[in-house]
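Taking it in order: structure first as structure tokens, then the write-up.
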Amino acid sequence: MKRISSFNCIYAFSPATKPVESVDSGDVLIFETLDALGGQIKTEDDTTQIDFSKVNPATGPVFIFGAKPGKALKIKVLEIEIDTKGVIVAEEGFGVIPEMVKGFVAKILDIKNNLVYFDGLKIPINPMIGVIGVAPEVDEFPTGTAHRHGGNMDTKYIREGSTIYLPIFQEGALLALGDVHALMADGEVCVSACEVTAKVTVKVDVVDWQIKWPIVETNDGYFIIVSLPDINEAFKEATLEAVRILSERLNIPVKSAYMLASLVVDIQVSQLVDPNKTVRAFIPKTVLA
């Protein structure tokens, strides 16, 4: 089992990035990750020296032998081990309500007994991976932005027990991940979640599956994850992809699949605050069975 240190981190997903490790399909890896602010906030007063070029670090990338364009990278999340303290921040000009705060504010949150402590509240944790992706087809994407390659999808179902499928665009895929949250609600409305350092154990496999967008598999079904600058376009694209999959898997006409989607496919929001907004279309396994 190989361990990828958080000293090896990137701030953009790019075809030009050199891998820090190489593994075989079927290998198990441990990624050590920094929090989304790169560990820059130690106390609630550490708000004036933030280097915003060092946010959303992703550990990696890792070259996977056998990963080629046209295939998919399957990542099974085996374990997410989080720190005992987290941080949540808000900043003027950001988030769903950009005028809500003045300047930059931060809260340090204790995490113990599987609970996040927030202003007297005790909230059950739900550890998840905010950033997970591969090298894109062309150009590069900052680790804070999501698209077809994955990236900052901030989807709370990317957690222990889930499996993520990413389309492969480059030889070796070049997998990197980070931005682990102890807890995040859909929307991530203030632009931050409970950001933590973590150790993430995953199993990687190369599979013969041509997909256009990332897909997250849970015990209950499949989430098609779409991230675009315009949220309405993201909703449309996620719906189109869900209809296409229903039509192909069930061997029914597209028009029938479109009507079926109105009965069984849930269209949901993952995050509203990053440069590309992320939505998801959920298809229950009971339908595909």
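The values are calculated or read from the model by the stated rules, or taken from the named source; none is laboratory data. Keep in mind that this is a model prediction, so the values were computed, not measured. Cβ coordinates were reconstructed from backbone atoms using ideal geometry, including for glycine residues, and neighbour counts include every protein chain displayed.
Look through Ile97, Ile129, Ile88 and report the one residue that is outside any strand (DSSP E or B) and either without any contact (Cβ under 8 Å) to a residue 12 or more places away in the chain or within 22 Å of Ser270 (Cα to Cα) (or both). Give the steps one after another, and end with the answer.
Values: Ile129 fails: outside any strand (DSSP E or B); Ile88 fails: outside any strand (DSSP E or B).
Going through Ile97, Ile129, Ile88 in turn, just one is outside any strand (DSSP E or B) and either without any contact (Cβ under 8 Å) to a residue 12 or more places away in the chain or within 22 Å of Ser270 (Cα to Cα) (or both): Ile97.
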Q. Here is a list of conditions, (1) in contact with a Pro (Cβ under 8 Å, 6 or more places away or on another chain); (2) buried (at least 24 other Cβ atoms within 10 Å of the Cβ); (3) among the hydrophobic types (A, V, I, L, M, F, W, C), and Ala146 meets all of them except one; can you say which number that is?
A. (1)
Q: Have a look at Asp266, Asp186, Asp179 and point out the one that is in the same structural domain as Thr33 (by TED's automatic domain parsing), surrounded by fewer than 19 Cβ atoms within 10 Å (Cβ to Cβ) and in contact with a strand residue (DSSP E or B) (Cβ under 6 Å, 6 or more places away or on another chain).
A: Asp186
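Restrict the check to the stretch 115-125 and report whether at least one residue is of a type outside the set (A, V, I, L, M), outside any strand (DSSP E or B), in contact with a strand residue (DSSP E or B) (Cβ under 6 Å, 6 or more places away or on another chain) and modelled with pLDDT of 95 or more.
Initial filter on the stretch 115-125 (of a type outside the set (A, V, I, L, M)): 117-120, 122, 124.
Checking the rest, the ones that are also outside any strand (DSSP E or B) come to 119-120.
Pick out the ones that are also in contact with a strand residue (DSSP E or B) (Cβ under 6 Å, 6 or more places away or on another chain) and you get none.
No, every residue in the stretch 115-125 fails to be of a type outside the set (A, V, I, L, M), outside any strand (DSSP E or B), in contact with a strand residue (DSSP E or B) (Cβ under 6 Å, 6 or more places away or on another chain) and modelled with pLDDT of 95 or more.
Among the listed residues Lys68, Lys54, Lys102, Lys74, which satisfies the condition of being farther than 30 Å from Ile168 by Cα and of a type in the set (Lys, Arg)?
Numbers: Lys68 fails: farther than 30 Å from Ile168 by Cα; Lys54 fails: farther than 30 Å from Ile168 by Cα; Lys74 fails: farther than 30 Å from Ile168 by Cα.
Unique residue meeting the criteria: Lys102.
When the stretch 1-36 is examined, which residues are found to be assigned to a loop (DSSP other than H, G, I, E, B), over 18 Å from the mean Cα position of the chain (by Cα) and of a type in the set (Ser, Thr, Tyr)?
Here is the first cut: in the stretch 1-36, the residues assigned to a loop (DSSP other than H, G, I, E, B) are 1, 5-8, 11, 14-20, 25-27, 34-36.
So of that shortlist, the ones also over 18 Å from the mean Cα position of the chain (by Cα) come out as 1, 5, 7-8, 15-20, 25-27.
Result: Ser5, Thr17, Ser25.
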